[in-house]
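See below for the structure under consideration.
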Amino acid sequence: MKTVRWLSISACALVPVFALADTPTLEKVQSRDSVRCGVNAAQPGFSSLDDNDQYQGLDTDICRAVAAAALGDASKVDFVPLDSVERFTALQSGEVDLLSRTTTWSSSRDTTLGLQFTGVTYYDGQAFMVASDLGVQSAEELDGAAVCTQSGTTSELNLSDYFRINDMSYDAVVFDSPEQSIAGFEAGRCDVLSSDASQLYAQRMQLADPNMAVVLPEIISKEPLGPAVRQGDDPWFNIVKWSLFAMLNAEEYGVTSENVDEMVSSENPDIARLLGQDGNYGEGMGLEADWAYNIISQVGNYAEVYERNVGADSNFKIARGLNALWKDGGIQYAPPIR
């Protein structure tokens, strides 16, 4: 798994995004034999380098799933670290084939940037983290607080909306990166750090003393996070979309990376179709019949990806909550493969 950094076009440049899909993305991916995936440089649980300088996290596993589907090999990913300002331009310009970087699906991003979101990999929401010694128990106690947040994200607008609606004031302390935000919070530049709850859990673990801070219970926004691709290339959009759906269906049917070879002979028609044993449901996307088998065997189903990165098997221990399957009290739901 390679990490590469390509020259980015300025975030303010005008990019003819709708003309970029003339050459099908799948064709370019297969020609270079790798998927270029835009990710976060350092958000543990979602995308960060481990001790062996390999990217790990829920978002990076989505990249691997797409590579497994498109190329038959989950390791054929070039990870491109992007900050929050340059991420959209990198996708628009063709610098990356796919953006999988804790990015909120919103109307303006979906309709004005030449992008298409392919699904929700993690249902999140904006929250607040405060210093434990302040004794704050609720966000309603934050009137007049100095709040650290990150530029180029939806957090700035959410903060303004929340404090205005609740008739409270605040002083925004804006940084360019998550690393700067958490450093400012730890140094006492602000009383509160506000971001997506998933990021706050990760940033709390990065503190010299994680017990110095607590994440408040209020969630003040809807932040559905998921991958995005360029508009105008429906086959590639379908591949990325159905890579996630394959992992969700696999969890629902009890197919895991450990038992998938046994499940190939299952008499359950849903499982047989998923694993390419009954019809070729990859053909419509330009893929082989075993595209979903490759995802599950090499990356795992959605539960495996979730638990090892942010759930029970990780340092974060984040409960599934809304990210549980629909049949288990959550809202994760995948259309059937048939």
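Annotations
- Asp73 vs. criteria modelled with pLDDT of 95 or more, among the acidic types (Asp, Glu) and either closer than 29 Å to Asn301 by Cα or in the same structural domain as Asn211 (by TED's automatic domain parsing) (or both): yes
- Helices (runs of 4 or more DSSP H) fully within segment 31-112 counting 2 or more residues that are of a type in the set (Val, Ile, Thr) and open to solvent by 30 Å² or more (accessible area, probe 1.4 Å): 107-112
- Within segment 314-329, the set of residues being touching a Pro at 6+ places or on another chain (Cβ under 9 Å) and open to solvent by 100 Å² or more (accessible area, probe 1.4 Å) comprises Asn315 only.
- Single condition Trp236 does not satisfy, out of (1) buried (at least 21 other Cβ atoms within 10 Å of the Cβ); (2) not assigned by TED's automatic domain parsing to the domain that holds Asp59: (2)
- Picking from residues in segment 123-144 that are among the aliphatic types (A, V, I, L, M) and open to solvent by 10 Å² or more (accessible area, probe 1.4 Å), the one that is farthest from Gly188 (Cα to Cα) is Val136.
- Residue within segment 301-310 that is among the aliphatic types (A, V, I, L, M), over 15 Å from Leu244 (Cα atoms) and not assigned by TED's automatic domain parsing to the domain that holds Leu244 present: no
- Helices (runs of 4 or more DSSP H) fully within segment 255-338 counting 1 or more residues that are in contact with a Leu (Cβ under 7 Å, 6 or more places away or on another chain) and either modelled with pLDDT under 95 or aliphatic (A, V, I, L, M) (or both): 260-263, 291-298, 302-309
Table: residues versus (1) β-branched (Val, Ile, Thr); (2) within 17 Å of Gln43 (Cα to Cα); (3) part of a helix (DSSP H, G or I).
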residue	(1), (2), (3)
Thr153	yes, yes, no
Leu157	no, no, yes
Ser160	no, no, yes
Arg164	no, no, yes
Met168	no, no, no
Val173	yes, no, no
Gln180	no, yes, yes
Phe185	no, yes, yes
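- Test: residue in segment 23-33 that is hydrophobic (A, V, I, L, M, F, W, C) and over 16 Å from the mean Cα position of the chain (by Cα): yes
- Number of the exception - Gln150 against (1) open to solvent by less than 20 Å² (accessible area, probe 1.4 Å); (2) in contact (Cβ under 8 Å) with a residue 40 or more places away in the chain; (3) out of contact with any Ser or Thr (no Cβ under 7 Å at 6 or more places or on another chain): (3)
- Scanning segment 216-226 for residues being open to solvent by 30 Å² or more (accessible area, probe 1.4 Å) and over 19 Å from the mean Cα position of the chain (by Cα) gives a total of 3.
- Some residue of segment 168-175 being buried (at least 18 other Cβ atoms within 10 Å of the Cβ), within 18 Å of Ile220 (Cα to Cα), at pLDDT 95 or above and not charged (D, E, K, R): yes
The values are calculated or read from the model by the stated rules, or taken from the named source; none is laboratory data. Bear in mind that the values here come from a model prediction, so they are computed numbers and not experimental data. Glycine also receives a Cβ, built like all others from the backbone with ideal geometry; neighbour counts cover every protein chain displayed. Just the protein is used for accessible areas: all its heavy atoms, side chains included, with ligands, DNA and RNA removed. Shrake-Rupley method; radii C 1.70, N 1.55, O 1.52, S 1.80 Å.
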